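Derivation of every value follows stated rules applied to the coordinates shown; laboratory data play no part. Since the structure is predicted, the reported quantities are computational estimates derived from the model, not experimental observations. Note that each Cβ is placed from the backbone with ideal geometry, even for glycine, and that neighbours are counted across all protein chains shown.
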Amino acid sequence: MRKPLLENCQRLRISDVKGAIPGNSTGAVLEVGSQELSIIGRLTNLGNGFRYCFLCPECRRPYESLYSADLGSWQCRRCVGAVYASTRKIRVESGQYENEYRSDY
């Protein structure tokens, strides 16, 4: 089975939902469809605010973007198993890339 292309997946950025996070909050839970997504705030190096990120529901690692392939649940790029389209292109001897895609992905 081929891995999905990242360019074909839906993307949810933390900047898209920043307005739903209460001010100076260290965390929040956001409901997207029927799925609840955890958001955590990390103190910046200067200590003057928070940098927010999603916790991937699958691996529980922090990410600034989550992806959904085939209208499935939101997960990080690693858990979705998505790859960039450029990783499937075949490089020919001239250094140019062909539009054909490798079959091993």
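For segment 6-101, what is the charge dipole size about the Cα centre, in debye to the nearest 20, if Lys and Arg each add +1 at the Cβ and Asp and Glu each add -1 at the Cβ?
Charge dipole of segment 6-101: 380 debye, to the nearest 20.
Using the charge dipole of segment 6-101 (Lys, Arg: +1 at Cβ; Asp, Glu: -1 at Cβ; taken about the Cα centre), state which of SER65, ASN8, LEU43 has its Cα farthest towards the positive end.
The listed residue farthest towards the positive side: LEU43.
For the residues TYR67, TYR84, what sequence is obtained by ranking on other C-beta atoms within 10 Å, fewest first?
TYR84, TYR67
With the cut-off at 1.5 for a/c, could you classify segment 23-92 from its C-alpha gyration tensor as rounded, prolate or oblate? Before the final figure, lay out the partial values.
On the way: a/c = 3.56, a/b = 1.61, b/c = 2.21.
In terms of gyration-tensor shape, oblate.
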